[in-house]
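Everything on this sheet refers to the single structure shown next.
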2 protein chains.
Amino acid sequence: MERKDLILKAALKLFVDKGFHGTATGKIAQEAGVANGTLFQYFKTKDELVIALYIHIKDELAEYVSKNTAGNADIKETIKSQILSTLYWALDNPVKFQFIQQLHTSPYIGQVEQEVLYKQIEPHLTLIHKGIKQGILKPLPADLIYSLLSNQVFGLYQFITSKKFSKAKQNETIQTTFEMLWDMLT
Amino acid sequence: MERKDLILKAALKLFVDKGFHGTATGKIAQEAGVANGTLFQYFKTKDELVIALYIHIKDELAEYVSKNTAGNADIKETIKSQILSTLYWALDNPVKFQFIQQLHTSPYIGQVEQEVLYKQIEPHLTLIHKGIKQGILKPLPADLIYSLLSNQVFGLYQFITSKKFSKAKQNETIQTTFEMLWDMLT
DNA sequence: TATATTTGTGACTGATTAGTCAATCATGAA
DNA sequence: TTCATGATTGACTAATCAGTCACAAATATA
């Protein structure tokens, strides 16, 4: 494993555990098993490390969703794949998902370039626009639909992680809830 | 204004601006116009201040919602009042709402007693249970419905604050979205 | 008025912080 | 073997931190 990745991995763990400012750069280096100074060779400042970690994790999620989304299926199946694979990724990577949420509601979000944020949601918005034009989705603003969808994922994530469900029960809840959501939007 | 309230007010502003650990207690005292030591007379530690501020704001929100919710109306109107008054409060108090979100996704949430968290959502859960028993709401777990509802409020808040809507347009969006949400749950 | 009690002050402290830098190390070419 | 290069190190620093404390001001009691 590369030293840069070791640092990112250590930072993720400590940030979620203690918060951004609650985690000293020295502690991150220690956890990563590298020297204090090494961290600053890979990331000029602590802030740069925080932002780099956010983008890294978001890219990972985007890649996962993209791989699990059939491109040639119909709109409903494609959106369903996007939503469900996001949720499954979150359930498999709770620490990473928590980090995203944490940064999203923190002042750090202002340091992430608008362009980066836009590129992340762009594929979803495009798909929603397509759904509206085809008359499948209700004629609402695309970003309202996106906002409702992504917050539904978060709500469902919260509910599922607060219970000790079997995989089967988990799946049933997810399927049922998606169908409800879909009915709401069509 | 009491000194305690001055400190809470200053803390709120700085926490949302710079984050919890990013805000020094000295800066809070300065912003509040009191001496450094005074802060520690009202709050034993910085952590205690953070938690006290959270509970204070949550109580304020709960009181607002309670005042704006007609007790003798039917289930739908009561839930609608709860949801919409939460949303209107959030739109009128964006900094406070942001603070709640920020703390909710931070490690500090673990320091808030379970009992306090439960008491906050208890009235909502009771109402949802009632709705399920009366066959108005779908027979889903009450906390799933609660989780979906509260996250939709957040989604709608995000959407509305990202636009520059007129009050009329804002209201229209809120009404439409609530009706969709209600259809989904009934 | 005199005394007691509560409340407020800000200089102070030991600990911790982000970031620096001169020195050391590993590697591979000449 | 020698030398050059870039990665790695950790001791170091100036700044900042949360929290303390001896004292002063304000208020209450007598």
Measure nothing but the geometry: give the 0 to 90° angle between the long axis through the Cα atoms of B:75-92 and the longest principal axis through the Cα atoms of chain B, rounded to 10°.
-> 30 degrees
Copies of B:Asp59 compared via label points 7 Å along Cα→Cβ give distances in nm, shortest first, of 4.8
In nm, give the distance between the simple-model label positions of A:Gln41 and B:Gln175, each being 7 Å from the Cα along the Cα-to-Cβ direction.
-> 6.4 nm
Could you give, in nm with one decimal, how far A:Lys18 is from each other copy of that position, shortest first, with labels 7 Å out from Cα toward Cβ?
-> 2.0
Looking at this model, which pairs from A:Lys58/B:Lys138; A:Lys46/B:Lys13; A:Lys58/B:Lys58; B:Lys13/B:Lys130; B:Lys130/B:Lys167; B:Lys27/B:Lys96 are more than 28 angstrom apart at the alpha-carbon?
-> A:Lys58/B:Lys138; A:Lys58/B:Lys58; B:Lys13/B:Lys130; B:Lys130/B:Lys167
List, in order, the whole-Hz ³J(HN,Hα) value for each residue of segment B:102-107 obtained from phi through the Karplus relation with A = 6.51, B = -1.76, C = 1.60 and θ = phi - 60°; use x for Gly and Pro.
-> 4, 5, 4, 9, 9, x
Take the rotation relating chain B to chain A, measure from its axis to every Cβ in chain B, and name the nearest residue with the distance in whole Å.
-> B:His21, 1
For segment B:3-162, report the convex hull volume of the alpha-carbon atoms normalised per residue, in Å³, without decimals.
-> 121 Å³
Listed residues A:Phe43, A:Leu53, A:Gly26: farthest to the positive end of the dipole of segment A:26-80 (Cβ charges) | A:Gly26
For segment B:157-168, Karplus couplings with θ = phi - 60° (6.51, -1.76, 1.60), whole Hz, Gly/Pro x = 4, 4, 5, 5, 6, 7, 10, 10, 7, 6, 4, 5
Calculated label separations, A:Gln111, copies of the chain, 7 Å along the beta-carbon direction, nm | 2.2
May I ask you to evaluate 6.51 cos²θ - 1.76 cosθ + 1.60, the Karplus curve with θ = phi - 60°, for each residue of segment B:133-147 and list the ³J(HN,Hα) values in order in whole Hz, giving x for glycine and proline?
-> 4, 7, x, 7, 8, 4, x, 9, x, 4, 6, 5, 4, 4, 4
Note, A:Met184: beta-carbon cut-off 11 Å, +1 each Lys/Arg, -1 each Asp/Glu, net -3
Estimate the FRET efficiency between A:Tyr88 and B:Ser162 by the formula 1/(1 + (r/R0)^6), using the beta-carbon distance for r and 35 Å for R0, to the nearest 0.05.
-> 0.80
Measure out, as a whole number of angstrom, how far apart the alpha-carbon centroids of segment B:102-176 and segment A:84-111 sit.
-> 19 Å
Taking the Cβ of A:Phe97 as the center, what net charge do the other residues with Cβ under 12 Å away carry, scoring Lys and Arg +1 and Asp and Glu -1?
-> 0
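Using the Cα centre of the protein assembly as shown as the reference point, and only Cβ charges (+1 on K/R, -1 on D/E), how large is the resulting charge dipole? Debye, rounded to the nearest 20. Don't jump to the answer; show the numbers that get you there.
Values: 42 positive and 38 negative charges, 41 e Å.
Magnitude of the dipole: close to 200 debye.
Quick note: the coordinates plus some simple rules give every number you see, no bench work behind them. This one's a predicted model, so the numbers in the text were calculated from it and none came from an experiment. Backbone-built Cβ (ideal geometry, glycine too); neighbour counts: all protein chains shown.
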